[in-house]
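Chemist: Here it is: the structure, laid out below.
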Amino acid sequence: MKQLQDVDLKLLRVFMTIVKCGGFSAAQATLNMSQSSISEQMTNLETRLGVTLCERGRGGFRLTEHGSATYEATQRLLLAVDTFCMDTSALKQHISGKLYLGIIDNTISDADSPLARALRQFVSRGHDVHLDVYIGMPAELEERVLDGRLHIAIGHFPLRVAGLDYAQLYDEPDGLFCSRYSPLFAANDEDSGLFERIAASHIVARGYLQQRDLQQLQAHKAAATVDNVEAQAMLILSGAYIGFLPSHYAARWVDSGDMRQIAPARFHSDWPFAAITRRGVPLPTVLRAFMADLLPGQH
């Protein structure tokens with residue numbers, strides 16, 4: 001494809017819908033097309049690109065290596081097109097288009113998060129903006145902001161990545177928790193042998209914070225690793241594991257007596273949450289408008 005035409009954008013949007021739906025048959029209702037029409041459009045796109053994007057047939061729908069790369073490139077392309085449309089709309093003093101927002105998992109119960117307030121204010125201004133939300137791990141969110149698939153992401157980011165700007169939002173407290181089924185549930189927090197009992201316990205750690213968790217607990221290894229807070233809480237509630245959780249997320253089980261926080265004076269951290277955007281590129285108008293509500297006084 002030497003030059004991008006309007007028809008190519010249409011074909012790429014069809015391709016995106018097929019991938020999101022998981023196949024030709026599943027995409028029929030969304031696209032309002034027959035399966036034969038969808039197949040014809042995909043053949044046209046593959047001819048234009050000169051590569052095979054997917055395998056379809058009795059074995060089901062599956063992207064090829066070229067198809068996966070094209071899917072990611074198309075996400076970036078369509079985001080750029082949406083950004084262009086939003087910026088030109090702003091010339092008429094009217095903000096419209098899409099805002100691609102990333103959020104770290106399970107922050108819904110955090111009363112300190114400014115996100116709900118910012119979204120409420122942003123929507124109340126009457127913008128014609130469609131919000132596209134992605135939930136992911138910190139490294140995922142950073143990658144998607146870097147490559148342009150997200151405009152902005154909010155979360156805890158243990159490392160600073162070159163090419164991103166980090167705007168501090170608030171701190172999220174966390175602590176060490178165990179279930180009522182755990183032998184540590186009735187332990188004395190002032191017991192001199194508590195550290196040894198903790199180090200001997202089965203510890204579950206979030207992958208991106210594993211070394212920090214083990215160092216704080218003076219333990220050599222984790223017995224389980226998870227990539228989200230819900231899985232962490234599930235293993236802790238089983239009584240077989242102990243681990244760290246955000247205090248706001250654990251509160252419901254602490255209140256019901258199903259969990260307790262172990263030695264909060266010893267095992268306590270405040271994790272900085274930040275909003276990240278891509279450095280060195282002009283911010284789309286819709287993103288500037290959203291950040292004005294997310295970070296009042298800074299934009």
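Chemist: Scan segment 124-150 for residues that are more than 26 Å from L209 (Cβ to Cβ), of a type outside the set (D, E, K, R) and in contact with a Phe, Trp or Tyr (Cβ under 8 Å, 6 or more places away or on another chain) and report the count.
Modeler: The total comes to 1.
Chemist: Looking at (1) within 30 Å of D132 (Cβ to Cβ); (2) of a type outside the set (G, A, S); (3) free of Cβ contacts under 8 Å to residues at least 24 places away in the same chain, which is the only condition R206 fails?
Modeler: (3)
Chemist: If a residue has to be under 19 Å from H66 (Cβ atoms), of a type in the set (A, V, I, L, M), outside any helix (DSSP H, G or I) and out of contact with any Leu (no Cβ under 7 Å at 6 or more places or on another chain) to count, how many in segment 1-43 make the cut?
Modeler: Adding up the residues that qualify gives 1.
Chemist: Let me ask something else about it. For M259, all conditions in the list (1) free of Cβ contacts under 8 Å to residues at least 24 places away in the same chain; (2) surrounded by 20 or more Cβ atoms within 10 Å (Cβ to Cβ) hold save one; what is the number of the exception?
Modeler: (1)
Chemist: Working carefully through the options A219, A233, find the one that is open to solvent by less than 30 Å² (accessible area, probe 1.4 Å) and in a helix (DSSP H, G or I). Steps first, answer last, please.
Modeler: Details: A219 fails: in a helix (DSSP H, G or I).
The unique qualifying residue is A233.
Chemist: Also, quick follow-up: Can you pull out the residues in segment 123-160 that are part of a loop (DSSP other than H, G, I, E, B) and either hydroxyl-bearing (S, T, Y) or in contact (Cβ under 8 Å) with a residue 40 or more places away in the chain (or both)? First the steps, then the outcome.
Modeler: So in segment 123-160, the residues part of a loop (DSSP other than H, G, I, E, B) come out as 125-127, 137, 147-151, 157-160.
R125, H127, M137, D147, G148, R149, L150, H151, F157, P158 - these are the residues of segment 123-160 that are part of a loop (DSSP other than H, G, I, E, B) and either hydroxyl-bearing (S, T, Y) or in contact (Cβ under 8 Å) with a residue 40 or more places away in the chain (or both).
Chemist: I need every pair where a residue in segment 176-200 that is at negative phi has its Cβ under 7 Å from the Cβ of a residue that is part of a loop (DSSP other than H, G, I, E, B) and open to solvent by 60 Å² or more (accessible area, probe 1.4 Å), sequence separation at least 6 or different chains.
Modeler: S179/S238; F195/Q218; A199/Q218
Chemist: What is the residue count in segment 44-71 for residues that are of a type outside the set (D, E, K, R), in contact (Cβ under 8 Å) with a residue 24 or more places away in the chain and either in a loop (DSSP other than H, G, I, E, B) or on the phi > 0 side of the Ramachandran plot (or both)?
Modeler: 4
Chemist: A further question follows. Exactly one condition in (1) surrounded by fewer than 15 Cβ atoms within 10 Å (Cβ to Cβ); (2) at pLDDT below 90 is not met by E65; state its number.
Modeler: Status for E65: all satisfied but (2).
Chemist: For segment 273-291, check the following and say yes or no: at least one residue is open to solvent by 50 Å² or more (accessible area, probe 1.4 Å) and more than 26 Å from the chain's Cα centre (by Cα). Quick ask: steps written out before the conclusion?
Modeler: First, pick out the residues of segment 273-291 that are open to solvent by 50 Å² or more (accessible area, probe 1.4 Å): 278-282, 288.
Filter again for more than 26 Å from the chain's Cα centre (by Cα), leaving none.
No, every residue in segment 273-291 fails to be open to solvent by 50 Å² or more (accessible area, probe 1.4 Å) and more than 26 Å from the chain's Cα centre (by Cα).
Chemist: State whether the residues of segment 47-62 include one that is small (G, A, S), touching a Leu at 6+ places or on another chain (Cβ under 9 Å) and open to solvent by 40 Å² or more (accessible area, probe 1.4 Å).
Modeler: no
Chemist: Does segment 204-216 hold any residues that are of a type in the set (K, R) and part of a helix (DSSP H, G or I), and which are they?
Modeler: Within segment 204-216, just R212 meets the criteria.
Chemist: For residues that are of a type outside the set (D, E, K, R), in a strand (DSSP E or B) and closer than 30 Å to R144 by Cα, scanning just segment 161-203, find the one that is most open to solvent (accessible area, probe 1.4 Å).
Modeler: Ranking the candidates gives Q168 first.
Chemist: Of all residues in segment 247-275, which are aliphatic (A, V, I, L, M) and in contact with a Gly (Cβ under 8 Å, 6 or more places away or on another chain)?
Modeler: A250, I262, A274
Chemist: Those residues that are under 17 Å from V204 (Cα atoms) and small (G, A, S), I need them from segment 242-262; list them, please.
Modeler: Restricting attention to segment 242-262, the residues satisfying the condition of being under 17 Å from V204 (Cα atoms) are 242-247, 249-250, 259-262.
Residues satisfying the conditions are G243, S247, A250.
Chemist: Take the residues of segment 242-256 that are touching a helix residue (DSSP H, G or I) at 6+ places or on another chain (Cβ under 9 Å), part of a helix (DSSP H, G or I) and of a type in the set (G, A, S): which is most open to solvent (accessible area, probe 1.4 Å)?
Modeler: Out of the qualifying residues, it is S247.
The values are calculated or read from the model by the stated rules, or taken from the named source; none is laboratory data. Predicted, not measured: the structure shown is a model, and the values here were computed from it. Note that we place each Cβ from the backbone using ideal geometry, even for glycine, and neighbour counts take in every protein chain shown. Calculation scope for accessible area: heavy atoms of the full protein, side chains included, ligands and nucleic acids excluded. Shrake-Rupley method; radii C 1.70, N 1.55, O 1.52, S 1.80 Å.
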